[in-house]
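Participant: Following this message is one structure expressed as structure tokens.
The numbers here are math on the coordinates, done by the rules we state, and not lab data. Quantities reported herein were computed from a predicted structural model and do not represent experimental measurements.
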Amino acid sequence: MREKRLIRKYLLNKRKKKYFKISDAFFSPLIHLIKKTKKNKKIKIAIYIPGSFEVDVLKILNIEYFKKFTFLLPVIGEHNSMNFYKWKKNDILYVNRLGILEPFKSKISIPNLILVPLLAFDKKKNRLGYGKGFYDKFLNRYNKVGNKILTVGVAFSFQKYNNLPVNTKDYKLDYVMTEKGII
């Protein structure tokens with residue numbers, strides 16, 4: 001879709017110009033959300049290795065509250081499929097065919113909560129990704145079989161877009177987290 005391509009280009013440039021480092025306080029609303037929605041559960045949080053001026057979610061690993069949780073990273077498979085694998089802060093990563101850092105494959109793990117990278121979001125919690133559909137396919141596949149994975153898009157507030165074009169394959173987020181809080 002041409003409109004999505006133009007929005008991606010615009011927001012990639014905007015994020016490059018306006019990027020800033022976040023503090024640990026960025027994750028405070030996430031702590032409140034987890035306490036409210038995931039009480040007394042063993043939580044597996046899927047994160048991503050930031051690139052292209054994305055919010056640095058790796059800072060979450062240094063926050064005491066999150067040290068009790070298991071972290072997962074995505075691995076891209078054939079046909080733009082994606083699965084998640086356990087990963088710890090100093091585990092070795094390798095560069096995949098797309099230039100993205102990934103953990104070595106072990107046993108596939110299904111997250112309870114995914115911090116989802118994005119280029120844009122709107123007030124309806126629609127998300128514009130990079131165009132390959134990795135997260136959309138994964139979430140549509142797993143949530144159809146009875147899993148309820150909590151999705152939190154991660155962005156800077158300036159990445160909000162008025163009304164994103166969406167189609168039936170696009171997966172709507174549960175929440176969006178920015179430096180201004182959770183939507």
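Participant: Mind checking the log10 I(q)/I(0) for the range 6-85 at q = 0.21, 0.22, 0.24 Å⁻¹? Debye, one equal scatterer per Cα, no solvent, two decimals.
Facilitator: The calculated log intensity ratios at q = 0.21, 0.22, 0.24 Å⁻¹ are -1.10, -1.13, -1.17.
Participant: A further question on this structure: Roughly how many Å is it from the Cα centre of the range 139-178 to that of the range 88-125, as a whole number?
Facilitator: Each part's Cα centre sits 15 Å from the other's.
Participant: Using only the alpha carbons of the range 2-182, determine the length spanned along each of the three principal axes and report them from longest to shortest in whole angstroms.
Facilitator: Taking max minus min along each principal axis of the Cα atoms, the range 2-182 gives 40, 37, 32 Å.
Participant: Just need the Rg to Rh number for the range 26-65, please, alpha carbons only, Kirkwood Rh.
Facilitator: 1.00
Participant: Give me the percent relative contact order of the chain, please, defined on Cα pairs under 8 angstrom at least 6 residues apart.
Facilitator: Relative contact order here is 21 percent.
Participant: A further question follows. Give the lysines whose C-alpha is closer than 30 Å to that of K14, dropping any in the same chain fewer than 8 places away, or say none.
Facilitator: K4, K59, K89, K123, K124, K125, K132, K137, K160, K169, K172, K180
Participant: Go ahead and set up a Gaussian network model of the chain, Cα springs under 10 Å, then flag whichever of F156, F138, F121 fluctuates most.
Facilitator: Looking only at F156, F138, F121, the biggest GNM fluctuation is shown by F138.
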